[in-house]
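Participant: Just passing along the structure, written as structure tokens.
The values are calculated or read from the model by the stated rules, or taken from the named source; none is laboratory data. Just so we're clear, the structure is a prediction, and the values are computed from it rather than from any experiment. So basically every Cβ, Gly included, is an ideal-geometry build from the backbone, and we count neighbours across all protein chains shown. SASA here: full protein model, heavy atoms, side chains in, ligands and nucleic acids out. Shrake-Rupley method; radii C 1.70, N 1.55, O 1.52, S 1.80 Å.
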Amino acid sequence: MRFAAPARYDFAGTLHGLAVIHGDPTLSVGSREAWFATRTPDGPGTLHLTFSDGFVHAEAFGPGADWLMARADAVAGLRDDLTGFPELARRHPLVARLAHEHAGLRMGATGRIFHHLVPAILYQKVTGIEAQQGYRKVLRHFTTEPAPGPFARLRLPPDPEAVAATPYWVFHPFGIEQKRAETLRRAAAQAAALERSPDATAATARLVSIRGIGPWTAAEVTRVAFGDPDAVSVGDYHLKNVVAYALTGAARGTDEHMLELLAPYAGHRGRVCTLFAAAGIGAPRFGPRMPLRSFARF
């Protein structure tokens, strides 16, 4: 199956956006080829996407192949609706320039919530390296079966029933302390209800009703699961400073100020943040970096 891509389509940038954690083992993205493994309602499946001659070509493997093929264009960001955004982007010269320079960047939507909720929870209040290490250990522990298809290095996300049934102390050697482990277990117990969410608004309401999950985690998930262009990760350690610096030149900001600055882009606030990330914009850094910790040794 193949799908027509928009002009200047950024295949790699769009597919890289599906990773909540850098280097997600369930995803492999090259310049013109990507693999994505997940657990669908029909069972495990792997989606293989390639990009050539203006078309995205899709094939899938495993029991979940048909489910994935029915959503392949959404995963590739080809259902992303930019209606109204060019007009909004003109409200600030930097946003307008980035919208032009990254006109081919799209927001993919996988349709899977728990898949992305796992790394989002593991990313709470820790550094990226700590989150990556914990996530890889969780995947190695819970996913012993290979992902369908020929890409041997790809891993499936954990089965929520297995996670919900696992005592919190099992996560400790993975570098995951009791608070995040218990949040992950509670989320796993609600995974079936979460997956029935019809849209990002409903999913957000269900996510934040789970103890230990707040606006940041919910936004990280809905941005990828639903391709939500308005998802803003309130509470992020860096994002408030990035937005303030990009739009005003101030080196530091607050969540409240960030939301005020993004208000003119309502409906596409998350897309603006994605453009800043794609352009590599960061606020000036002061002081030492956050130290790495090993919860496994506590």
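Participant: Taking into account only those residues within segment 9-45 that are under 20 Å from Ala103 (Cβ atoms) and among the aromatic types (Phe, Trp, Tyr), which is farthest from the chain's Cα centre (by Cα)?
Facilitator: Tyr9
Participant: Between a first residue in segment 23-44 that is at negative phi and part of a loop (DSSP other than H, G, I, E, B) and a second residue that is among the hydroxyl-bearing types (Ser, Thr, Tyr) and open to solvent by 30 Å² or more (accessible area, probe 1.4 Å), which pairs have beta carbons less than 8 Å apart while being 6 or more apart in sequence or on different chains?
Facilitator: Partner pairs satisfying both residue conditions: Arg32/Thr50; Arg32/Ser52.
Participant: Test Gln132 against the stated conditions and say whether it is closer than 17 Å to Asp24 by Cβ, in a helix (DSSP H, G or I) and open to solvent by 10 Å² or more (accessible area, probe 1.4 Å).
Facilitator: So Gln132 passes the test.
Participant: Just checking, which of Arg79, Arg71, Arg90 is surrounded by 15 or more Cβ atoms within 10 Å (Cβ to Cβ) and touching a helix residue (DSSP H, G or I) at 6+ places or on another chain (Cβ under 9 Å)?
Facilitator: Details: Arg71 fails: touching a helix residue (DSSP H, G or I) at 6+ places or on another chain (Cβ under 9 Å); Arg90 fails: surrounded by 15 or more Cβ atoms within 10 Å (Cβ to Cβ).
Selected residue: Arg79, the only one of Arg79, Arg71, Arg90 that is surrounded by 15 or more Cβ atoms within 10 Å (Cβ to Cβ) and touching a helix residue (DSSP H, G or I) at 6+ places or on another chain (Cβ under 9 Å).
Participant: Name the single residue that is modelled with the lowest pLDDT among those in segment 136-163 being surrounded by fewer than 16 Cβ atoms within 10 Å (Cβ to Cβ) and assigned to a helix (DSSP H, G or I).
Facilitator: Arg140
Participant: Consider Ile176 against the criteria (1) touching a residue at least 24 places away in the same chain (Cβ under 8 Å); (2) more than 24 Å from Thr46 (Cβ to Cβ); (3) open to solvent by 40 Å² or more (accessible area, probe 1.4 Å): it satisfies all of them except one. Which criterion is unmet?
Facilitator: For Ile176, the exception is condition (3).
Participant: Something else now. Looking only at segment 1-15, how many residues end up being surrounded by 19 or more Cβ atoms within 10 Å (Cβ to Cβ) and either without any contact (Cβ under 8 Å) to a residue 60 or more places away in the chain or hydrophobic (A, V, I, L, M, F, W, C) (or both)?
Facilitator: Adding up the residues that qualify gives 3.
Participant: Take segment 185-217 and flag every residue that is within 11 Å of Arg112 (Cα to Cα), in a loop (DSSP other than H, G, I, E, B) and not polar (S, T, N, Q).
Facilitator: Arg196
Participant: From Asp73, Asp80, grab the single residue that is within 19 Å of the chain's Cα centre (by Cα) and assigned to a loop (DSSP other than H, G, I, E, B).
Facilitator: Only one candidate passes the filter, namely Asp80.
Participant: Across segment 179-216, which residue is nearest to Gln124 (Cα to Cα) among those that are surrounded by fewer than 14 Cβ atoms within 10 Å (Cβ to Cβ) and polar (S, T, N, Q)?
Facilitator: Filtering segment 179-216 for residues that are surrounded by fewer than 14 Cβ atoms within 10 Å (Cβ to Cβ) and polar (S, T, N, Q), the one nearest to Gln124 (Cα to Cα) comes out as Ser209.
Participant: Is it true that Arg112 is open to solvent by 30 Å² or more (accessible area, probe 1.4 Å), of a type in the set (D, E, K, R), at pLDDT 95 or above and not in a helix (DSSP H, G or I)? Before the answer, list the steps.
Facilitator: Working: open to solvent by 30 Å² or more (accessible area, probe 1.4 Å): no; of a type in the set (D, E, K, R): yes; at pLDDT 95 or above: yes; not in a helix (DSSP H, G or I): yes.
Answer is no for this residue.
Participant: If you take the residues of segment 225-244 that are under 16 Å from His268 (Cβ atoms) and in a helix (DSSP H, G or I), which of them is most open to solvent (accessible area, probe 1.4 Å)?
Facilitator: This residue is Leu239.
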